[in-house]
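Quick notes on the structure that follows.
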Amino acid sequence: MSGVTATPAALALLAEIEAEHGPVMFHLSGGCCDGTAPMVYPEGAFRLGAHDVRLGTVGGTGFWTGGAQAAAWADVPLTLDAVPGRGAGFSLDNTLDRHFVLVAPTCAG
């Protein structure tokens, strides 16, 4: 499992969210639309399923995804970043001027 690293921008946004909401957790559902964005919730507010897998931690915060998604990303180094714009869905970054994105390296041909 490659785990997840974070950019300074992602760590700054995470710190801002934690300052307001306390401990949080990330979950990447792997579904369509908002499901492909890493979502951040108050710790324990998102109910993990039996097949969810912890990919790693970002700034001490757990980063989870479903088992099938974890298998798909197993050999891919993932980086959490923060970019301008509103977040999606019920994620705690949805009212801020920045939101989290997951970046994977592209294949050069």
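The values are calculated or read from the model by the stated rules, or taken from the named source; none is laboratory data. Small disclaimer: the values here were computed from a predicted structure and weren't measured. Cβ atoms come from the backbone with ideal geometry, glycine included; neighbour counts cover every protein chain shown. Surface accessibility is based on the protein's heavy atoms, side chains included, excluding ligands, DNA and RNA. Shrake-Rupley method; radii C 1.70, N 1.55, O 1.52, S 1.80 Å.
Run the numbers for Ala68 and Ala9: contour at 0.36 nm per residue of separation, minus the present Cα-Cα distance, in nm. Mind showing how you got there, number by number?
On the way: separation 59, 0.36 × 59 = 21.24 nm, distance 2.84 nm.
Using 0.36 nm per residue and subtracting the Cα-Cα distance, I get 18.4 nm.
Do any trypsin sites (Lys or Arg not before Pro) in the range 35-109 lie in a loop, going by DSSP, with at most 14 other beta-carbon atoms within 10 Å of their beta carbon, and if so which?
Working: sites: Arg47, Arg54, Arg86, Arg98; in loops: Arg47, Arg86.
Those that pass, being in a loop and sparsely packed, are Arg47, Arg86.
Near the amide H of Val24, under 5 Å away, which other amide H atoms are found, from residues 5 or more places off or on another chain, if H is placed in the peptide plane?
Placed amide hydrogens put Glu43 under 5 Å from Val24.
Of the listed values (i) -0.33, -0.46, -1.37; (ii) -0.36, -0.50, -1.54; (iii) -0.62, -0.79, -1.19, identify the label whose number matches log10 I(q)/I(0) by the Debye sum over Cα atoms at q = 0.12, 0.14, 0.24 Å⁻¹ calculated from this model.
Given (i) -0.33, -0.46, -1.37; (ii) -0.36, -0.50, -1.54; (iii) -0.62, -0.79, -1.19, the structure-derived one carries the label (ii).
Which value, in Å², gives the accessible area per residue of the chain when a 1.4 Å probe is used on the protein heavy atoms?
Heavy-atom SASA per residue in the chain reads 55 Å².
Just from its helices, what would the mean residue ellipticity at 222 nm be for the chain, if runs of 4 or more DSSP H residues each count -39500 (n - 2.57) and the sum is divided by every residue, rounded to the nearest 500 deg cm²/dmol? Working shown, then result.
Working: 2 runs with 20 residues, N = 109.
Per the formula, -5500 deg cm²/dmol.
Would you work out what percent of the accessible area of the chain, with all protein chains in place, is carbon or sulfur (probe 1.4 Å)? Intermediate values should be presented prior to the final figure.
Numbers: 3460 of 5950 Å².
The computed percentage sits at 58.
How big is the charge dipole of the chain about its Cα centre, in debye rounded to the nearest 20, if each Lys and Arg gets +1 on its Cβ and each Asp and Glu gets -1 on its Cβ? Show your work: numbers first, answer last.
Working: 4 positive and 10 negative charges, 39 e Å.
My answer is approximately 180 debye.
In terms of modelled amide H atoms, which long-range or inter-chain residues lie less than 5 Å from the amide H of Leu55?
Here Phe63, Trp64, Thr65 satisfy the definition.
Could you point to the residue in Leu96, Leu78, Ala10 farthest towards the positive end of the chain's charge dipole, with +1 and -1 charges on the Cβ of Lys/Arg and Asp/Glu respectively?
Among Leu96, Leu78, Ala10, the one farthest towards the positive end of the dipole of the chain is Leu78.
Glu20 versus Arg54, label points 7 Å from Cα toward the beta carbon: distance in nm?
2.7 nm
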